[in-house]
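Visitor: For reference, the structure I am asking about is given below.
Only the coordinates and a few stated rules stand behind these numbers; no lab work does. Worth saying up front: this structure is predicted, and the values here are computed from it rather than measured. Methodologically, a virtual Cβ is constructed for each residue, glycine included, from the backbone with ideal geometry; neighbour enumeration extends over all protein chains shown.
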Amino acid sequence: MKTTYREAIRAALRAALEADPRVFLMGEDVGRYGGAFAVSHGLLEQFGPERVRDTPLSESTFVGAGIGAALGGLRPIVEVMTVNFSLLALDQIVNNAATLRHMSGGQLSVPLVVRMATGGGRQLAAQHSHSLEGWYAHVPGITVVTPATVGDAHGMLLAALREPDPVFIFEHATLYPMEGELDEHAGPVELGRAAVRRPGDDVTLITYGGSLGKTLEAADRLGQEGVSAEVVDLRALRPVDTPTILTSVAKTHRAVVVDEGWRTGSFAAEVSARIMEGGFYDLDAPVARVCSAEVPMPYAKHMEDAALPRAGTVVEAVLALLKRRG
Amino acid sequence: MTPGRQPALPTRDHGLELLREMLRIRRFEEKAAELYSLGKIRGFLHLYIGEEAVAVGAMQALTPDDAVVATYREHGQALARGIPAGSLMAEMFGKASGCSRGHGGSMHFFDVGRRFYGGYAIVGGGLPIAVGLALADTLLGRPRVTACFFGDGAVAEGEFHESLNLAALWKLPVLFLCENNLYAMGTALARHQAETDLRRKAEAYGLPADAVDGMDVLAVETATRRLVEAVRAGNGPRFLEARTYRFRAHSMADPELYRGKDEVEQWKARDPIATLAARLREGGLLSDGDLGALEAAVAAELDGAVAMAEAGPWEPVEDLLKDVYTGAGRP
């Protein structure tokens, strides 16, 4: 059936709340307001205020309370409004959620799911638009996933709830209205596996989340110019599915990484390094990166557009790479 | 807090039990300091000497089903909660037989079987965890209490304010227990708080709050029992400030430039162990022989604990990445 990314997440939330009494949702405005991005609209009415809990604007404490509730035997789903706001909860995420299992000598596990919106493109300027999921991917002890399709938005949430350890789901905010197909009986998907979204032979375009659409568009344009691009959707930033990346690069011999994070210290840098470590002798050209410009996100439309990766900049990067051969 | 009012004498058995528990902590900490000097214990070591009445008194009010969340100065709580001294000592030695498999050290004791949910070394970081544990109990209909220990330094953290508010808003069964030892590391309370009556902060969030002489184990026990009873009855969270003092430095690395020896000596005159012992003697409940027997039993226990720590195995290096994730884990 045809549905939206937003509705797919809502359907997964509803299914999880129906299936498991230990599951509950909490976060800012998830209840009466229906979610800042309307993801949880209608859930309060269906499941009541015990299980759909509006919280104060206390990111650190409601994420920490999610950790504690998980330790206490529940399956909390915590919604943080945006990745920029999640920085207020970094202490709980990095110092507690990610460490407790190991630091307790394996006695504790934290089956916590945290969802948040990420990314730019909506003229929300420098405190609502950044793509910081790459920072989270730096931290061992947590799983970081970036659903880019309607199916993954649904299936990754269901899968996250089956994990015994914390899972962070980064939902690119421009994707919520995106339409796509969702099987009526769709279930959880495997976390940590990349997917080849479009096969090709001349170059591998590696991306994730909100950049997948732009990258597929770039691949279409390249096709019109006679360049066959393979598109790999990472789907998870931790763990990274290195074999899928290397298999593709071994076939195409060229790679461009498209990542909405800032270039310096970006997740694209990690992908590039993995290709260098595992696929250096397969390469016909250096790995290229298309990232966000190194600037706090500007408000004005033309400036924001200029700051973000676009299909056009991806095409340019690929063509430049191909020229290097000659 | 009602100054000058002395709690009633306990029974002899209970009085001796309180004394024994405080002595165990005192001697354990002295032994830890000695082993630190010998290089057996490394990292940061924060001793609880002087504050024993708080953990021991408070723990009397908790049942085995209740949860404890503590700080990096948690040896007292861990011992009073019943975690074997050998398991704690082994943890500080970094042994795999330690209560956290040697992953945590002095600041991160865990024992899930005893519902001891850890020592948290980011000041204030344990409070949201306690709120969440209590939320789980509430949603699962379990009549349990979560006791959350933290210091006066934590009241400056946002998580203190957020957690008290959320616990009160949701009427969660948490006892917030502030061990006010007057110093956030080296910064005196009056140098970091505009309002030094900590009860007022809790009251501002709708929590009934009390303060107690943290050098008097009987007073701490009485106050904690009263508040835990209210929490367990479903009346929402409570706040207790225990006014106490650490006799030793903040950690082994602290040269104590920020406080005078006179001040320390004044507080030492209120030593919680000596205070209880004197009261028990006055009441005819303690003899020299009793005290000697207690000391001997504690010494024997600690000898055993150190021997157990010495003999404990090291975690194999091949296990380095174990327990980052559950089971086989992720690459």
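Visitor: Whole-Å semi-axes of segment A:110-266's equivalent ellipsoid, largest first, each the root of 5 times a Cα gyration tensor eigenvalue? The partial results should precede the final answer.
Guide: Details: eigenvalues 120, 65, 55 Å².
With the √(5λ) rule applied to segment A:110-266, the semi-axes are 24, 18, 17 Å.
Visitor: How many percent of all Cα-Cα pairs in segment A:195-323 sit more than 19 Å apart? Before the final figure, lay out each step's value.
Guide: Values: 3508 of 8256 pairs.
So the portion of pairs separated by more than 19 Å is 42 percent.
Visitor: Mind ranking A:200-208, B:296-304, A:123-131, A:61-69 by how tightly packed they are, going by the mean number of other C-beta atoms within 10 angstrom, highest first?
Guide: Most protected by this proxy first, the peptides run A:61-69, A:200-208, A:123-131, B:296-304.
Visitor: Could you work out the pair-distance distribution P(r) of chain A from its alpha-carbon pairs, with 10 angstrom bin width and percents rounded to whole numbers?
Guide: Per 10 Å bin, starting at 0, the Cα pair percentages come out as 6, 27, 34, 23, 9, 2, 0.
Visitor: Just from its helices, what would the mean residue ellipticity at 222 nm be for the protein assembly as shown, if runs of 4 or more DSSP H residues each count -39500 (n - 2.57) and the sum is divided by every residue, rounded to the nearest 500 deg cm²/dmol?
Guide: Working: 24 runs with 259 residues, N = 657.
Roughly -12000 deg cm²/dmol at 222 nm, from the helical runs in the protein assembly as shown.
Visitor: Taking the alpha carbon gyration tensor of segment A:2-181, what are the square roots of 5 times its eigenvalues, largest first, to the nearest whole Å?
Guide: Details: eigenvalues 103, 74, 48 Å².
Working through the eigenvalues yields semi-axes of 23, 19, 16 Å.
Visitor: Here's a follow-up. Can you list the lysines whose alpha carbon sits under 23 Å from that of B:Lys95, skipping same-chain ones fewer than 8 residues off?
Guide: B:Lys31, B:Lys40, B:Lys322
Visitor: Could you let me know the centre-to-centre spacing of segment A:183-197 and segment B:260-326, using Cα atoms, in angstrom?
Guide: 55 Å
Visitor: I would also like to ask the following. When DSSP assigns beta bridges and you keep just the ones with both residues in the protein assembly as shown, what percent turn out antiparallel, to the nearest 5?
Guide: Values: 11 of 68 bridges.
Close to 15 percent.
Visitor: Here's something else I'd like to know. When a/c reaches 1.5 or more, the comparison of a/b and b/c decides; with that in mind, is segment B:1-156 rounded, prolate or oblate per its Cα gyration tensor? If you can, show how the numbers build up before the last one.
Guide: Numbers: a/c = 1.58, a/b = 1.12, b/c = 1.41.
Because a/c hits 1.5 or more and a/b fails to exceed b/c, segment B:1-156 counts as oblate.
Visitor: Using only atoms on other chains, find how many Cβ atoms lie within 10 Å of each Cβ of peptide A:70-78 and report the average. Can you show the working numbers first?
Guide: Values: counts 4, 10, 16, 6, 7, 0, 4, 0, 0.
Taking all residues of A:70-78 together, the mean is 5.
Visitor: Related question: What's the percent breakdown of Cα-Cα distances in segment B:191-232 across 5 Å bins, shortest bin first?
Guide: Using 5 Å bins, I get a P(r) of 5, 20, 21, 24, 18, 9, 2, 0 for segment B:191-232.
Visitor: To the nearest 0.05, what FRET efficiency results for A:Glu316 and B:Val112 with a Förster distance of 56 Å applied to their C-beta separation?
Guide: Values: r = 55 Å, r/R0 = 0.98.
That gives a FRET efficiency of 0.50.
Visitor: Another question, then. Give the cross-link partners of A:Lys323 among the aspartates and glutamates, using a straight C-alpha distance below 20 Å as the criterion and excluding same-chain residues fewer than 8 apart.
Guide: Those aspartates and glutamates meeting the cut-off are A:Asp201, A:Asp202, A:Asp220, A:Glu225, A:Glu230, A:Asp282, A:Asp284.
Visitor: Let me ask something else. Inside 10 Å of the C-beta atoms of A:95-103, what's the mean count of C-beta atoms belonging to other chains? Present the calculation step by step, with values, prior to reporting the outcome.
Guide: On the way: counts 4, 7, 1, 1, 5, 6, 7, 9, 13.
Mean partner-chain Cβ count within 10 Å for A:95-103: 6.
Visitor: Take segment B:16-319, compute every pairwise Cα distance, and split them into 20 Å bins from 0; I just need the percent in each bin.
Guide: All Cα pairs considered, the percentages come to 35, 59, 7.
Visitor: Using 7 Å Cα-to-Cβ label points, what is the A:Arg162/B:Phe44 separation (nm, one decimal)?
Guide: Reported label-point gap for A:Arg162 and B:Phe44 is 4.0 nm.
Visitor: Going by average Cβ density within 10 Å per residue, which order do the peptides B:39-45, B:281-287, B:149-155, B:223-229 take, highest to lowest?
Guide: The most tightly packed comes first, giving B:149-155, B:223-229, B:39-45, B:281-287.
Visitor: Distance between Cα centroids, segment B:178-255 to segment B:22-65: provide it in whole Å.
Guide: Result: 18 Å between the Cα centres.
Visitor: How big is segment A:20-97 in terms of Cα radius of gyration and Dmax, in angstroms?
Guide: 12.0, 35
Visitor: Compute the orientation-averaged projected area for the protein assembly as shown from the convex hull of its Cα atoms and round it to one decimal in nm².
Guide: On the way: hull surface 127.4 nm².
With the hull built on Cα positions only, its mean projection is 31.8 nm².
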